[in-house]
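Working notes, beginning with the structure itself.
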Amino acid sequence: MTRSALPVSLPPDPNTRAPGWTLPKGACDTHAHVFGPPDIFPYYEKRRYTPPAAPVEHYRNMQKITGLSRAVFVCPTAHGYDNRVILDAVANMGDAARGVANINESFDDKSLQALAEGGIRGARFHLMKDRPGSVEHLSAHLPALQKRDWVLVLHVDPPDFIEHEKFIRKLPTVTIIDHMARVRGKDGVGQPAFRLLLDLLKDDRFWVKLCSFDKISAVPQARVPGSLPFMDMVPFAQAVIAAAPDRVIWGTDWPHGNTFTPGRTPNEGDLLDLLAVIAPDQATRQRILVDNPARLFGFTPV
């Protein structure tokens, strides 16, 4: 049986639409996942959720519709520390893709080098009470990241962000604060975690990723034709762009697998149109989608 004939589910939103504007050449989605298919890439036994299969072929179909052309695949927790699924996705797309791995103490220098040769350019760590990760675990792996000049992707919730502020401020490597530290739209731009994020962005080591608004917005999906979801997140995104326009990147979180509900998952066309609301200026969108990720992940300049 060929890969294309494998019985996998439809994409979470099978009606992906094109955005209302033309994306620049080299536009990069810096936060995408691929799931399975599990008969080829099994799910992690200790996973928190079981997503529908979402192979790289489905992702590339979404790219063709939206105009995205580059991607950074982040190994999902549903695959644990088995990074083969994103190595396969990167190999499928060649120089148009990079990867962010999950690593633990089982990875020696040789296996880390193999990841680097496969297009991995960073590793993701959690400082969240509901998933594996700790200051000690992260600290133990910092030398490996520094040796390879890898990016640290830090996934935190607001309470953990505040709790670990001193540790985070001392991180010695380039660090992406994932999903804007998951600050909640309902708590406003004055909330302590968001003020901390803006303060960290004064330091060139720290970057921020605009992503996963569906998980942190207080505004439900828009169902009125012509309207957009997650509009309460616009002031947050605009504030981080104002603070560090050269260190902001954007991601889809495709295929939104750990909150999958048919008819409720974001449409990538909506997410890109929301980015145009956040950043009406074409030059700013060029930075966020092309220039910044190219510099950070080593893509060939357009």
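Every number here is computed from the coordinates shown, using simple stated rules; none is lab data. This is a predicted model, so every value here is computed, not measured. Because the Cβ atoms are built from the backbone with ideal geometry, glycine has one as well, and the counts that use them run over all protein chains shown.
What's the local net charge at residue 287, with K and R +1, D and E -1, over the other residues with C-beta under 11 Å away? Here the count lands on 0.
In the chain, the alpha-carbon atoms span a convex hull of 125 Å³ per residue. Considering helices alone, the calculated mean residue ellipticity of the chain at 222 nm is -9000 deg cm²/dmol, with DSSP H runs of length four and up weighted by -39500 (n - 2.57) and normalised per residue. Under the criterion of Cα pairs below 8 Å and six or more residues apart, the relative contact order for the range 85-164 equals 29 percent. Electrostatic tally near residue 142: other residues with Cβ closer than 15 Å to its Cβ, Lys and Arg +1, Asp and Glu -1, net +2. Excluding the sites themselves, what is the longest stretch of the chain that contains no GluC sites (Glu not before Pro) in a DSSP loop with at most 13 other C-beta atoms within 10 Å? For GluC sites (Glu not before Pro) (loop position, at most 13 other Cβ atoms within 10 Å), the longest site-free span of the chain is 106-302.
For the range 97-111, 3J(HN,Hα) computed residue by residue from phi via the Karplus equation (6.51, -1.76, 1.60; θ = phi - 60°) reads 9, 9, x, 10, 9, 9, 10, 9, 5, 6, 8, 8, 4, 5, 5 Hz, glycine and proline entered as x. In order along the range 294-302, phi translates into HN-Hα couplings of 5, 5, 6, 10, x, 6, 5, x, 7 Hz, rounded to whole numbers, per the Karplus curve 6.51 cos²θ - 1.76 cosθ + 1.60 with θ = phi - 60° and x for Gly and Pro.
If the segment from residue 281 to residue 110 were pulled out straight at 0.36 nm per residue, it would be longer than the present Cα-Cα gap by 57.1 nm. Per-residue Karplus couplings for the range 234-248, computed as 6.51 cos²θ - 1.76 cosθ + 1.60 with θ equal to phi - 60°, are listed in order as 4, x, 5, 4, 5, 5, 6, 5, 4, 6, 8, x, 8, 9, 10 Hz, Gly and Pro entered as x. For the options 243, 283, 218, a Gaussian network treatment of the chain with springs between C-alpha atoms closer than 10 Å singles out 283 as fluctuating the most.
Using a Gaussian network model of the chain in which every pair of alpha carbons under 10 angstrom is joined by a spring, one finds that among 227, 217, 106 the greatest mean-square fluctuation is at 106. Amide H to amide H, with H built 1.01 Å from N, residue 98 comes under 5 Å of 71, 72, 73, counting only residues 5 or more places away or on other chains. Comparing mean-square fluctuations of 197, 142, 210 from a GNM of the chain with C-alpha springs under 10 Å, the top value falls on 142. The range 116-133 and the range 262-302 have Cα centres spaced 22 Å apart. For the range 116-181, the list of trypsin sites (Lys or Arg not before Pro) that fall in a loop by DSSP and count at most 15 other C-beta atoms within 10 angstrom reads 129, 170.
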